Structure formats: C-alpha cells, structure tokens
Amino acid sequence: MESFQQAQDWLETLEPKWGVLSGKQKLSLEVVRELLSLLGDPDKFFKYRVIVGGTAGKGTVARKLCATLHEAGVKVGCLTSPHLQTPLERIKIGDHLVDPALFGRCLLEIKAVSQDLVPTQYEAILLAGVLCCQKEACEVLIAEVGLGGEFDGVNALRGPRIAAVTFIGDDHRDILGDFPQMARTKAKIFNEDSRLNLSYEKVYKDIFNQTAVGSVEYIKGVPTNLSSKLVKRIAREILGAERSFEVVHVKLPARWEKIPEDKYQNAYLTAGPSTLILDGSHSR
C-alpha cells in the first residue's frame with residue numbers, strides 16, 4: 001500500500017478543480033494527449049472504447065453497460081466521476097473497484113513521465129484509470145465524460161469509439177454557455193474516431209446532426225427506459241447479433257436513493273412523507 005499512499009500524496013499537490021472552473025488553465029486536451037503518448041498509448045490498447053456524455057444519466061449508462069458486458073463474459077473497465085469517498089470508486093474492473101496498489105503504481109508512473117506536463121487531479125485519475133484497465137487486459141473501456149465534451153480529458157482517448165450522449169439539460173450553463181452551445185460542446189465526442197454515434201436527445205437533434213462527424217442514431221421510447229435501451233444498443237454492437245445477454249440494472253450511490261422510515265430517526269419529521277430520498281444526481 002506504500003505506492004498508493006505516495007500516489008495519494010502526489011495527487012493532493014495537483015489542481016483540485018477543473019481549469020475551466022478555476023480560470024487557471026486554458027481549455028485544451030494537449031496535456032492528456034501528450035501524457036498518453038509518453039505512457040505508450042494505453043488508450044489504443046482496447047478493442048472497444050465507449051465514451052458516454054450528456055447532462056445526466058451518463059454515469060448510470062456507463063455502470064449499467066459495464067455490468068451488462070461483465071455478465072456476458074467480457075473483460076471490461078469503467079471510468080466514472082465524481083467519487084464520494086475515495087478516487088478508487090472512479091475505476092471499476094468488471095464488478096470490482098480497482099486494486100489500490102495497482103492504482104498507486106499507475107499514478108506514480110504518470111508522475112514519472114509528467115515532468116513539465118502537469119495534469120489536474122481529474123486528468124491524473126483518468127489517465128491512471130486508462131492505465132489500470134490496460135494492465136488488467138480489458139477488452140472494452142467505458143469512460144464517462146466529466147464535464148462538457150469537447151475539452152473533457154475523456155475526449156482525448158484515441159482509437160475507434162462508440163460515442164453516446166444522453167440528453168441536454170439545465171446544468172453547468174454558467175460554464176458551458178446557453179443550450180445550443182452546450183449541445184455543440186457535448187456533441188464534440190461524435191468525432192472522427194466515432195464508428196457509432198448514439199443519443200436520445202430530442203430538442204437539439206439539428207445541432208447534433210450539424211456538429212457530429214458522421215450520422216447520429218437516435219434512441220426512442222419511454223423516458224424511464226431510455227438508458228436501458230441505450231445500453232442494449234451499445235452492448236448489441238459489441239457482442240454481436242447472435243449473442244444473448246440481459247441488461248443488468250445497477251444502483252449508483254445517492255442517485256434517487258430511497259431510505260425507508262425504519263432506517264432513520266423521524267424526530268424532526270412529524271408530518272409529510274415517511275420516506276427520505278437522497279437525490280445526488282443532476283435531477284431537479
């Protein structure tokens with residue numbers, strides 16, 4: 001665990017917030033791209049790369065797809081953000097969190113090659129996740145976009161990709177601009193590496209179609225089922241038409257997490273609902 005502690009110490013020295021939030025860093029993918037090259041191009045190792053963006057639901061899609069492919073027998077790695085307690089939560093290999101010792105070694109490997117290239121904490125953890133998934137010989141890498149799309153570190157990953165954007169909603173407008181600008185920024189993951197572009201966005205389809213490199217396939221249906229339908233479409237693309245599988249449903253911490261009355265002290269709730277709901281997602 002010594003490598004993990006050393007890596008944690010280095011991580012604490014890095015900028016804890018996005019450059020776009022702090023105003024200290026120019027919007028660019030160059031640091032991530034150059035570090036990937038110095039690390040030996042681990043992002044090019046995987047048979048499939050799945051990039052998932054959007055305003056909300058992208059973490060659910062990523063984790064649900066990871067669980068579905070794992071149950072189908074695929075060696076899969078999944079990178080999500082943010083975390084609640086430890087950065088290890090951001091990296092899953094199959095159905096387990098990444099091994100702390102492996103995570104530590106990968107972070108120290110990034111530190112060794114960084115020199116004048118200083119990543120943010122987010123970028124360092126992302127790079128460590130890619131390295132961990134490569135070293136674990138994952139066939140598929142799933143990566144959730146942290147913020148926006150065009151300049152998110154995930155968009156620096158190279159090689160043929162399946163790109164999916166859930167929808168455009170009312171979040172981070174102070175950073176990403178008005179809704180049309182937000183749609184263009186998020187649609188930038190539909191780039192020249194995309195072999196399949198997917199979304200269930202309805203309002204900004206024209207902007208998606210104008211921005212995307214290649215066509216966009218739109219998922220239709222009942223809103224509550226759209227994430228599962230998106231997962232099913234991606235899994236079918238990866239597994240092939242002949243292979244049977246079931247979409248696995250997962251629960252993310254603090255995403256509409258219901259706490260029954262017998263699980264909390266009700267002293268301050270003398271009236272009203274008998275169930276608490278923790279809503280840590282983007283939903284209003």
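Annotations
- For region 109-119, backbone phi angles converted through the Karplus equation (6.51, -1.76, 1.60; θ = phi - 60°) give residue-by-residue couplings of 5, 5, 4, 5, 9, 5, 6, 7, 8, 9, x Hz, Gly and Pro being listed as x.
- If the chain linking Ser244 and Glu139 were pulled fully straight, counting 0.36 nm for each residue of separation and taking away their Cα-Cα distance, it would gain 36.0 nm.
- Entries in Lys75/Lys202; Lys205/Lys251; Lys220/Lys251; Lys64/Lys186; Lys44/Lys92; Lys135/Lys229 that, when Cα-Cα distance is taken, lie over 25 Å: Lys75/Lys202; Lys205/Lys251; Lys135/Lys229
- Solvent-accessible heavy-atom area per residue, rounded to whole Å², over region 78-133 at 1.4 Å: 39
- Amide hydrogen neighbours beyond the local backbone of Lys188, cut-off 5 Å, H modeled: Glu150
- Cβ crowding within 10 Å averaged over residues, with 240-246, 157-163, 40-46 ranked highest first: 157-163, 40-46, 240-246
- Compactness of region 1-141 - radius of gyration and Dmax, Cα, Å: 14.7, 44
- Under 5 Å from the amide H of Ser194 lie the amide H atoms of Arg161, each residue being 5 or more positions distant or on a separate chain, with H modelled from the backbone and absent for Pro and chain starts.
- Heavy-atom accessible area ranking, 1.4 Å probe, most first, across Phe167, Phe208: Phe167, Phe208
- Only protein atoms count toward the accessible area here, which uses a 1.4 Å probe; on region 1-138, the carbon and sulfur part of that area reaches 49 percent.
- Inter-site label distance for Thr224 and Lys75 at 7 Å from Cα along Cβ, in nm: 3.9
- Most positive-pole-ward Cα, Gln115, Leu131, His70, against dipole of region 56-210 from beta carbon charges: His70
The values are calculated or read from the model by the stated rules, or taken from the named source; none is laboratory data. All of these numbers come straight from a predicted model, not from anything done at the bench. All Cβ positions, glycine included, derive from the backbone under ideal geometry; neighbour counts span all protein chains shown. Protein only, heavy atoms only, side chains kept; ligands, DNA and RNA dropped before computing areas. Shrake-Rupley method; radii C 1.70, N 1.55, O 1.52, S 1.80 Å.
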